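The values are calculated or read from the model by the stated rules, or taken from the named source; none is laboratory data. Because the structure is predicted, anything quoted here is derived from the model rather than measured. Cβ placement follows ideal geometry from the backbone for every residue including glycine, while neighbour counts extend to all protein chains displayed. For the accessible areas, the whole protein counts, side chains as well, though only heavy atoms, and no ligand, DNA or RNA atoms are used. Shrake-Rupley method; radii C 1.70, N 1.55, O 1.52, S 1.80 Å.
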Amino acid sequence: MILKRFIKNPILKPRKENDWESRLVFNAGVVFANGLFHLLYRAVGEDDISRIGYAVSVDGYDFFRFDKPVFTPRGIAESKGCEDPRVVCLDDKFYMTYTAYSINGVRVSLASTRNFIQWERFGVILPGMENKDAVLFPEKIGGRYVMLHRPMDPPRSIWVAYSDDLVRWNDFKKVMTPVEGRWDGVGIGSGCPPVKTEKGWLLIYHGIDEGSVYRLGVALLDLNDPSRVIGRHPDPILQPEEDYELRGEVREVVFGCGICEVEDKYFIYYGAADRVICGATAEKKDLLGLF
Ligand code: BMA
């Protein structure tokens, strides 16, 4: 496989001594900035509410964890938690898209920060629709901000939306759908934010099959028109195989939310079986060589 798991996986496990992350830590977003890997991860404690924790690393493998969550649910839209953070560096700030979860279901929400501790909240940015798995492109395209998202109605597909201010989104368009009978036949959703390459936007996404197994795949979107898929590799690039991916809170899940490029290598972070956080690397030339 093109993706090589870290030898020391899982890199983060639940911490019994911290109430807020005592049961599960999983789906994690990442940015590489100022010589550090900044990891934002979903954590669940005894109260079953998702909060967002923060960890930093010099080498991408060994992380220093903060003892308190850096982002906690606020308001009715987040009454059941903040889930699945994805983060990009955009206009000199870091932007985190995440799932706001409440009795009304799931919504796409946005927050920004310069230091990962203090946050500005934009709240729900796709109101009135059950939606999740939102990732921002790390730069404007054609003068507008661009986001991929995944409405909940079947067949669960990846859509694009555009915005002038990151708050009001429009021009929704379907980008990619499940391929029946395959590993990504029942549903797909963006995994990691798109990464710019000379061949196109590299998108790592997750696919769900008939047996509810989550795998990761890779696609390439047109640099100037990201609603256009210019490549989609037929096979998964990562699938549950290790014990920590096969057994946990939810069996057989690898769920990628974070990617960063450091010296021609991609570091990819993923939740395994919804209980621990893992990493894998891929050489840029190997991943792009698939297209
Ligand atoms: C999705 C999300 C993810 C989770 C995955 C597998 O719907 O809830 O947070 O990792 O299911 O259970």
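Would you please name the residue that is farthest from the ligand (Cβ to nearest atom), looking only at residues in segment 84-97 that are free of Cβ contacts under 8 Å to residues at least 60 places away in the same chain and open to solvent by 10 Å² or more (accessible area, probe 1.4 Å)?
The residue in question is ASP92.
Does VAL124 satisfy the criteria of being among the β-branched types (Val, Ile, Thr) and either farther than 13 Å from GLY189 by Cα or in contact with a helix residue (DSSP H, G or I) (Cβ under 6 Å, 6 or more places away or on another chain) (or both)?
yes
Kindly state which strands (runs of 3 or more DSSP E) lie completely within segment 5-78 and contain at least 2 residues that are farther than 19 Å from VAL253 by Cβ and touching a His at 6+ places or on another chain (Cβ under 9 Å).
24-33, 50-57
Among (1) within 16 Å of the ligand (Cβ to nearest atom); (2) open to solvent by less than 10 Å² (accessible area, probe 1.4 Å); (3) under 22 Å from SER157 (Cα atoms), there is one condition ASP274 misses while meeting the rest; what is its number?
Among (1) within 16 Å of the ligand (Cβ to nearest atom); (2) open to solvent by less than 10 Å² (accessible area, probe 1.4 Å); (3) under 22 Å from SER157 (Cα atoms), the lone unmet condition for ASP274 is (2).
Which one of these is within 12 Å of the ligand (Cβ to nearest atom) and modelled with pLDDT of 95 or more: VAL229, VAL254, VAL218?
That would be VAL254, the only listed residue that is within 12 Å of the ligand (Cβ to nearest atom) and modelled with pLDDT of 95 or more.
So, of the residues in segment 240-259 that are within 23 Å of VAL195 (Cα to Cα) and out of contact with any helix residue (DSSP H, G or I) (no Cβ under 8 Å at 6 or more places or on another chain), which turns out to be surrounded by the most Cβ atoms within 10 Å (Cβ to Cβ)?
Per the stated criteria, the residue is CYS257.
Filter segment 66-83 down to the residues that are within 13 Å of VAL108 (Cα to Cα), of a type in the set (A, V, I, L, M, F, W, C) and either open to solvent by 10 Å² or more (accessible area, probe 1.4 Å) or more than 16 Å from the ligand (Cβ to nearest atom) (or both) and list them by number.
ALA77
Within segment 140-168, work out how many residues are surrounded by fewer than 18 Cβ atoms within 10 Å (Cβ to Cβ) and either closer than 24 Å to TYR270 by Cβ or within 16 Å of the ligand (Cβ to nearest atom) (or both).
Qualifying residue count, segment 140-168: 5.
Quick check on VAL262: is it surrounded by fewer than 15 Cβ atoms within 10 Å (Cβ to Cβ), of a type in the set (Val, Ile, Thr) and out of contact with any helix residue (DSSP H, G or I) (no Cβ under 8 Å at 6 or more places or on another chain)?
yes
Restricting to segment 177-210, count the residues that are among the hydrophobic types (A, V, I, L, M, F, W, C) and open to solvent by less than 10 Å² (accessible area, probe 1.4 Å).
So in segment 177-210, the residues among the hydrophobic types (A, V, I, L, M, F, W, C) come out as 179, 183, 186, 188, 192, 195, 201-204, 208.
Filter once more, keeping what is open to solvent by less than 10 Å² (accessible area, probe 1.4 Å): 188, 192, 201-204.
Summing the residues that are among the hydrophobic types (A, V, I, L, M, F, W, C) and open to solvent by less than 10 Å² (accessible area, probe 1.4 Å) in segment 177-210 gives 6.
Give the residue, chosen from ILE11, ILE52, that is within 26 Å of CYS89 (Cα to Cα), at pLDDT 95 or above, more than 16 Å from the ligand (Cβ to nearest atom) and crowded, with 16+ Cβ neighbours inside 10 Å.
Within the list ILE11, ILE52, the selection yields ILE11.
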